[in-house]
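Participant: Handing you this structure, nothing more for now.
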Amino acid sequence: MDPSGVFHIVFAVLFFNVVALRLYYHYKAQTWKRRNRSDEGPVVPALRILVGVPMMAAVLVYLFKPAVLSFATLSLSPRWRWTGAALTLLSIVLLGWVHWSLGRNFSTELRIQEDHRLVTNGPYRYVRHP
C-alpha cells in the first residue's frame, strides 16, 4: 500500500474516533432528552444544518470516494501530513479528557441546565470556565 493510502486509513480511523467519542458522550449525557432548545433561536440550528451537513458530507465523500474531491488536493509533504495526524490524535485525547471531566454536564448548548454544577476537575482545574 502506498503512503497516501496508509494516511487515508489513519485519517478515517481518527475521524471515526472523534465521531464515536462525541456520540458516546451525547448518549451518556442524554442530550437528546433535554427539551427547552428555544433559547438558541432559529439561527443556530439553521447554521448547524447549512454548514455542518455539507462539511460532514465532504468528509464522508473524501473517505469513500477521494477522487471526487481531487480538485481540492493540497500537495503536502508526508512530514506535514503525519504532523497533522499526530496533532489530531492529541486533540482526540484532549477532547476525551474534556468530555470525561464534564460528564453529565456535557451539552452542545451554552446555557445552564437544571442539574448543572461547576466543574473544577480535569482541564477545568486550570482554566476559569464556569
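Rule-based calculations on the coordinates, nothing more; no lab input. The model shown is predicted, which means the values in this text are computed figures rather than measured ones. Positions of Cβ are generated from backbone atoms using ideal geometry, with glycine treated the same way; all protein chains shown enter the neighbour counts.
Participant: Considering the values [x] 14.4; [y] 15.1; [z] 17.5, which represents Kirkwood radius over Cα pairs in Å as calculated for the structure under consideration?
Facilitator: Label [z] holds the value from this structure.
Participant: Run the helix sum for the chain: -39,500 (n - 2.57) per DSSP H stretch of 4+ residues, divided by residue count, reported at 222 nm to the nearest 500 deg cm²/dmol.
Facilitator: Helix contribution divided over all residues of the chain: -18000 deg cm²/dmol.
Participant: Right, something else. Got a sec to turn the phi values of region 59-68 into Karplus ³J(HN,Hα) couplings, 6.51 cos²θ - 1.76 cosθ + 1.60 with θ = phi - 60°, whole Hz, x for Gly and Pro?
Facilitator: Computed from phi, the couplings for region 59-68 are 5, 5, 4, 4, 5, 9, 9, x, 5, 4 Hz.
Participant: Okay, moving on. If I model a spin label at Leu118 and Leu74 as a point 7 Å from the Cα along the Cα→Cβ vector, what separation in nanometres do I get?
Facilitator: My value for the distance between the label points is 4.1 nm.
Participant: Here is a further query. Using θ = phi - 60° and the Karplus relation 6.51 cos²θ - 1.76 cosθ + 1.60, list the HN-Hα couplings for region 91-103 in order, rounded to whole Hz, with x at every Gly or Pro.
Facilitator: Per-residue couplings from phi come out as 5, 5, 4, 5, 5, x, 5, 4, 4, 4, 5, 6, x Hz.
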